[in-house]
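For reference, the structure is listed below as structure tokens.
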Amino acid sequence: MAETKITLEQVRHVALLARLRLSNDEEESLRSDMDEMLAYVDKLNELDTKDVAPTTQVGEAGMPMREDEVTNQPAADAMLANAPSRDRNYFKVPKIIE
Amino acid sequence: MPSELHKLTIAEASAKLRKREVSALELTRDCLERIAASEPKLNAFITVCEKEAVEQARQADARLAAGDAPALCGIPLGIKDIYATKGVRTTCASRILENFVPPFDATVIERLRAEGAVFVGKTNMDEFAMGSSTENSAFGPTLNPHDTERVAGGSSGGSAAAVAAHECLGALGTDTGGSIREPASFCGVVGLKPTYSRVSRYGVVAYASSLDQVGPFAKSVRDAAIILRTLAGKDPRDSTCSARAVPDYERALAGDAKGLRIGVPKEFFVEGMQPEVEKAVRAALKSYESIGASTVEISLPHTGYAIAAYYLVATAEASANLARYDGIRFGLRASAEDNIALNEITRAEGFGAEVKRRIMLGTFALSAGYYDAYYLKGQKVRTLIRNDFERAFEKCDLIVTPVAPTTAFKLGEKMNDPLTMYLSDIFTISVNLAGLPGMSIPCGYDSNHLPIGMQLIAPPFAEETILRAGDAFERTGAFKSR
């Protein structure tokens, strides 16, 4: 591949956006994998899509309406049963405010 | 007790259960024994639900004794580990959900429970359904029952292998780019991806929401029709789910293919395909002609762009869907001083390599400055691919193609080359982009005795056409599964 589609700097920026902490090895291998994929998807530019509308919905047109009614019962314990850390009915996280 | 109950089809087992020739408990125990014997070499299940299955079977027997017997009452099924199952852990084959126990059932699980189906276990898959070989599972790969040096396909490889090895009578999978049809083809079973929106996705762990669809694996087309009948239909908890009435799919199996116009896309018979695959599919087309169908060459000119469009659209949606795994509310949590580090380290430790690769590509495709060139371009090309099919269906009722360019490949063969792995979905991916129904049915074997699958594709909501045609092919006896 003559042209580089993505730099190591860009990989680090995207990893920050995606909240993934990458090792140096991972950064390098992801750079090379993404480079290959981005070069591959370049083939889409062979197609003139100036006048083509993007797909925005797949199923049937329109959205169904329904009444806004409560159908479930309060279930705090069930919801919190999977919490990695909890305090009473709260999810516990590291301190946010200094 | 009759032996080898696990080898029955759902239709056969259901008849025996209703006549009380066998009990649901006998049938379930037989499958559980089969699982115990096969799992050491296949690894088709992440979790086997022996205790729960026995209890469900007892309840099914009580209903059967009372004469209340829906079609799936007492039938042992495998459930892909992507479906929320109340009280049974749901891992999505990821370390990040290794200990997640959902407090609720997916809609389709609820519906199967209401019919009295028995869940023998949660099947293995590629992590978050990202893969074509089930090698991306955090719990090790599933091996192909026809040759344990080869993959079962993916992402629903566990479900396909479990049905092929008679560990259960049918199974649920999901299909985003071929994840039901490709493993069905590799394992020699029937796999149906319904029209997008035909089946509720509520409670199904999301990968790419505009492409994901729920569907069955079965030993026969009739069994696939029986399962789909229970799965399909409106769900107030999934706003994309269609309100269209659900036909009785089993009644669509008229036993013939008279007058069906079958389209054969020239772009799907390309160089690089294993010659035996092409030969088997061409032979199946001849069988169709012998039972009154006609074939016509059609063109789907944008086929060659489908994989590129898919990997932009699917990864973009995945990057958004997988943002929820933040280590805060459920799932794995790494220890860290602050919340950003907690998110980053949790995700770094919890996700496997392929999931990270797709999140990265998707995040990039949506990021400022690249959105138009990548994500938007992908969605425009998707429109062209959908238009191709619309035009093709003016000339035919059904399209027949191979499912994959090759039969099952060897473990490790494509693991170091993501793009080559992606290309194994070349014939299935455009069907998801267009939101159409597609089914894989066995149509032959290659010289290594590996199954070959044929894909039947129909217009939106024409599952009946696919099922009728698939069943008619089975009845010709042109091909017998081994």
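General observations
- Loop trypsin sites (Lys or Arg not before Pro), the range B:5-81, which have at most 11 other Cβ atoms in a 10 Å radius of their Cβ (DSSP): B:K19, B:R20
- Convex hull volume of the C-alpha atoms in the protein assembly as shown, normalised per residue: 163 Å³.
- Computed over chain A with a Gaussian network model linking Cα atoms closer than 10 Å, the most mobile of A:R31, A:R12, A:R86 is A:R86.
- Sum of side-chain charges, A:D35 neighbourhood, beta-carbon under 13 Å (Lys, Arg +1; Asp, Glu -1): -3
- Electrostatic bookkeeping for B:L192 treats Lys and Arg as +1 and Asp and Glu as -1; over the other residues with beta carbon under 15 Å from its beta carbon, the sum is -1.
- Label zone at B:R475 (point 7 Å along Cα-to-Cβ), backbone N below 20 Å, the range B:238-253: B:247-253
- By the rule of a C-alpha distance below 18 Å, with chain neighbours fewer than 8 residues away ignored, the lysines paired with B:K377 are A:K5, A:K43, A:K50.
- In the protein assembly as shown, the DSSP beta bridges split such that about 70 percent are antiparallel, to the nearest 5.
- Whole-number D in µm²/s for the range B:346-396 (Stokes-Einstein; Kirkwood sum over Cα pairs; 4 °C, 1.567 mPa s): 97
- Rel. contact order, % - alpha carbon contacts under 8 angstrom, at least six apart, chain B: 17
- Rounded to the nearest 20, the Cβ-based charge dipole of chain B about its Cα centre (Lys and Arg +1, Asp and Glu -1) stands at 760 debye.
- Rounded if a/c under 1.5, otherwise prolate or oblate - the range B:322-450, Cα gyration tensor axes: oblate
- Only Lys, Arg (+1) and Asp, Glu (-1) charged, at Cβ; the protein assembly as shown dipole about Cα centre in debye: 1200
- Alpha-carbon centroid distance for the pair the range A:27-98 / the range B:157-211, whole angstrom: 21
- Each peptide in A:74-85, B:388-399 was scored by the mean count of other Cβ atoms within 10 Å over its residues; highest first, the order is B:388-399, A:74-85.
- Counting every alpha-carbon pair across the range B:27-138, the share separated by more than 21 Å comes to 38%.
- Per-selection metrics, the range B:177-273 (Cα): Rg and Dmax in Å: 15.4, 46
- Nearby lysines by direct alpha-carbon distance to B:K19 (threshold 27 angstrom, same-chain neighbours under 8 apart not counted): B:K7, B:K51, B:K219
- Chain B - Debye-derived log10 I(q)/I(0), Cα point model, q = 0.06, 0.07, 0.08, 0.11 Å⁻¹: -0.24, -0.32, -0.43, -0.83
- Computed from the alpha carbon atoms alone, the convex hull of the range B:380-482 holds 111 Å³ per residue.
- In chain B, the calculated helix contribution to ellipticity at 222 nm averages -11500 deg cm²/dmol per residue, counting -39,500 (n - 2.57) for every DSSP H run with n ≥ 4.
- A:L8 paired with B:E12, simple spin-label distance in nm, labels 7 Å along Cα-to-beta-carbon: 6.1
- Comparing B:N43, B:N321, B:G255 along the charge dipole axis of the protein assembly as shown, the residue lying farthest to the positive side is B:G255, per the Cβ-charge model.
- In Å, descending, principal axis extents of the Cα set of the range B:243-282: 42, 27, 17
- Local electrostatic count, B:K86, Cβ distance below 12 Å [Lys/Arg +1, Asp/Glu -1]: -1
- Residue-averaged beta-carbon neighbours from other chains (10 angstrom radius) around B:352-364: 6
- For residues of A:91-98, the mean tally of beta carbons on other chains within 10 Å: 3
- Residue-averaged beta-carbon neighbours from other chains (10 angstrom radius) around B:378-389: 4
- DSSP-defined antiparallel bridges as percent of all bridges, chain B, nearest 5: 65
- Overall form of chain A per C-alpha gyration tensor (a/c, 1.5; a/b vs b/c): oblate
No lab work stands behind these numbers, since they all come straight from the coordinates. Owing to the predicted nature of the structure, the values given are computational and were not obtained by experimental measurement. A quick note on method: Cβ atoms are made from the backbone with ideal geometry, for glycine too, and the neighbour counts reach across all protein chains shown.
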